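Here is the structure we will look at, set down as structure tokens.
The values are calculated or read from the model by the stated rules, or taken from the named source; none is laboratory data. All values derive from a computational prediction rather than experimental measurement. We place every Cβ from the backbone using ideal geometry, glycine too, and count neighbours over all the protein chains shown. The protein model used for the area step is the full one, side chains on, heavy atoms only, and it has no ligands, DNA or RNA in it. Shrake-Rupley method; radii C 1.70, N 1.55, O 1.52, S 1.80 Å.
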Amino acid sequence: DWGLMGTFPKEDRKALVQLIVGVRLRDAKRLHENAGFLVEGGIPNDPGRWQKVDALIADIVKPEQAISAFEGLESLVGGLIEQGYTTKFDLNTFIKSQLTIAGELIDLDPKLKQDDLLEKRVTSMVKKELFKRIPCFVFCPNSRNYGSMLSNNDVKALRKHARNNAKQKGAERRAAQ
């Protein structure tokens with residue numbers, strides 16, 4: 001559907017990646033730092049407005065709420081729209097495309113989880129970037145100048161999160177036995 005075309009400047013793509021990572025890690029600070037990217041013209045520097053945005057973020061990062069990265073992003077965008085913000089046109093196009101794809105994927109394979117698919121793709125990208133990343137382990141751990149747009153510190157945080165989730169699921173399985 002050529003009507004679903006748009007472009008994201010590199011800085012917007014980096015912010016979108018950080019929002020997805022923020023949902024995945026349940027990192028309210030990361031979501032707060034990047035939420036303004038979603039809104040046309042950014043979120044005004046008004047403590048009252050940011051308090052409402054932070055309340056929205058707090059709902060998304062609740063530990064008991066099991067949501068995918070895309071569901072969290074959708075909730076954040078929807079909440080901002082409910083608060084009266086205008087989201088960026090290309091972002092709306094991306095979300096509409098994503099919702100269309102998600103609906104089709106469910107029809108094709110109800111067991112498929114987009115977060116798992118995304119994680120495999122990003123893991124592959126990070127592995128291909130390994131030789132570029134090695135000098136930045138020490139000298140530039142927060143650089144996001146890679147195709148994946150993830151810094152070494154982002155990758156480390158995601159790996160730690162995945163290990164913790166695996167340990168928690170293992171403990172839950174043992175407790176259920």
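Can you list which of the chymotrypsin sites (Phe, Trp or Tyr not before Pro) found in the range 123-174 are DSSP loop residues with at most 14 other C-beta atoms within 10 Å? Taking the range 123-174 and a limit of 14 other Cβ atoms within 10 Å, the loop chymotrypsin sites (Phe, Trp or Tyr not before Pro) found are Phe139.
Could you look at the chain and say what percent of its accessible area is carbon and sulfur, using a 1.4 Å probe and all protein chains? Carbon with sulfur: 57 percent of the solvent-accessible area.
Reducing the range 1-70 and the range 78-95 to their Cα centroids gives an inter-centroid distance of 10 Å.
For the range 93-110, putting each phi into the Karplus relation 6.51 cos²θ - 1.76 cosθ + 1.60 with θ = phi - 60° gives couplings of 4, 4, 5, 4, 4, 4, 5, 4, 4, 4, x, 5, 5, 4, 5, 6, 8, x Hz, in residue order, rounded to whole numbers and with x for Gly and Pro.
Between Val53, Val77, Val138, the residue with the greatest mean-square fluctuation in the GNM of the chain (Cα pairs under 10 Å linked by springs) is Val138. For the range 157-164, backbone phi angles converted through the Karplus equation (6.51, -1.76, 1.60; θ = phi - 60°) give residue-by-residue couplings of 5, 5, 5, 4, 4, 5, 5, 4 Hz, Gly and Pro being listed as x. Annotation: average projected area of the range 111-177 is 5.6 square nanometres, based on the convex hull of Cα atoms across all directions. For the chain, modelled as a GNM with alpha-carbon contacts under 10 angstrom, which of Gly22, Gly79, Gly103 fluctuates the most? For the chain, modelled as a Gaussian network with Cα springs under 10 Å, the answer is Gly103. One chain, two ends: Asp54 and Arg163. Fully extended at 0.36 nm per residue, the span grows by 36.5 nm beyond their Cα-Cα distance.
Residues whose amide H comes within less than 5 Å of that of Thr87, counting only those at least five positions distant or on another chain, are Glu40 (H built at 1.01 Å from N in the peptide plane). The GluC sites (Glu not before Pro) of the range 1-83 that meet both conditions, a loop assignment by DSSP and at most 11 other Cβ atoms within 10 Å of the site Cβ, are Glu40, Glu64. The trypsin sites (Lys or Arg not before Pro) of the range 98-159 that DSSP puts in a loop, and whose beta carbon has at most 15 other beta carbons within 10 Å, are Lys111, Lys113. Using Cβ point charges alone (K and R +1, D and E -1), the dipole size of the range 87-177 about the Cα centre works out to roughly 560 debye. Computed over the Cα atoms of the chain, pair by distinct pair, the Kirkwood hydrodynamic radius stands at 17.8 angstrom. Phi angles across the range 120-137 convert, under the Karplus curve 6.51 cos²θ - 1.76 cosθ + 1.60 with θ = phi - 60°, into 3J(HN,Hα) values of 4, 5, 5, 4, 4, 5, 5, 4, 5, 8, 3, 5, 6, 7, 3, x, 7, 4 Hz, Gly and Pro given as x.
Charges were assigned to the Cβ only: +1 to each Lys and Arg, -1 to each Asp and Glu. The resulting dipole of the chain about its Cα centre is roughly 1180 debye. In the range 44-117, the ratio of gyration radius to Kirkwood radius, Rg to Rh, stands at 1.04 when only Cα atoms are counted.
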